[in-house]
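So the structure is just underneath, and the comments pick up after that.
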Amino acid sequence: MVGKSDLDSVELQGLNFNNRQLEVVCIETFKVYDFCFQSERRENNCFPLGTLTIPPGSTIACRIKDTTCEEIERGEPNEQGRANVTFSVTIKAKVTITNPEGNVIFNQKRIFGFTKTVVLCAPEGTQTVCAVVNASCGPCLIMGEEVCCTFDLCIVIQSLALVKLLVPSFGFCQPVVCEQVAPGPPFVCPPVLFPPQCPPLNNNG
């Protein structure tokens, strides 16, 4: 049961509820301990052409078909609960080359992978969630006997734990940047993560 003292403790923090009655409730939910994003550029992801000769004027199209991201290692948290957390990121990409006559002369899928380590507030008892929320492929260039492409990825990482909390709601959470990276437009990181909040009703009655 939530008592009056709980309500008073919330009001003493300077929260303004426009003279509305506030119900403070105890909920069981996942508390987010850290929430960040990282814009990652990976260059020279190459597809072998073998003996294929690419005629001048051919068109190269690249598409990222699927991505995964999962924790593979976590260091010992320090006194503040922060730890080095390493993630494995895999990318399934497809490259298609079309000759000037409009015929597909090359069509290949490959899986690429890399590891990424970030510092998170991740004390003992927390778990992590990692997702590639936006990805683009290109430009691609013919380099000898390979066609090599650049990947831009937007990775969102959370650490969280199941807890019981007394909470009022102030809207959606937004991540903060993990580190500064500046990919070229039109790549956007982070994208819009949630639908817009409905405006409050104007009750004149």
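Remarks
- Charged-residue dipole, Cβ positions (Lys, Arg, Asp, Glu), region 16-101 about Cα centre, Debye nearest 20: 380 debye
- Separation of region 30-77 and region 102-130, taken as the distance between their Cα centroids, equals 6 angstrom.
- Non-local lysine pairs in region 31-162, meaning eight or more places apart or on different chains, with alpha-carbon distances under 26 Å, amount to 9.
- Under the Karplus curve 6.51 cos²θ - 1.76 cosθ + 1.60, θ = phi - 60°, whole-Hz ³J(HN,Hα) for region 148-164, x wherever Gly or Pro sits: 10, 10, 10, 10, 10, 10, 10, 10, 10, 10, 10, 10, 8, 8, 7, 9, 10
- Surface/4 estimate of mean projected area, convex hull on alpha-carbon atoms of region 31-162, nm²: 8.9 nm²
- Residue exposure proxy: Phe112, Phe37, ordered by other Cβ atoms within 10 angstrom of their Cβ from fewest to most, comes out as Phe112, Phe37.
- Rel. contact order, % - alpha carbon contacts under 8 angstrom, at least six apart, region 21-105: 28 percent
- Residues in region 66-83 carry Karplus couplings, in order, of 7, 9, 9, 8, 8, 6, 10, 7, 9, x, 5, x, 7, 4, 8, x, 8, 9 Hz; the curve used is 6.51 cos²θ - 1.76 cosθ + 1.60 with θ = phi - 60°, and Gly or Pro positions show x.
- Applying 0.36 nm per residue to the separation of Ile105 and Ala161 and subtracting their alpha-carbon distance, the gain on full extension is 15.1 nm.
Throughout, read-outs are computed from the coordinates displayed, never taken from laboratory work. What you see is a predicted model, and the numbers here were worked out from it, not measured in a lab. All Cβ positions, glycine included, derive from the backbone under ideal geometry; neighbour counts span all protein chains shown.
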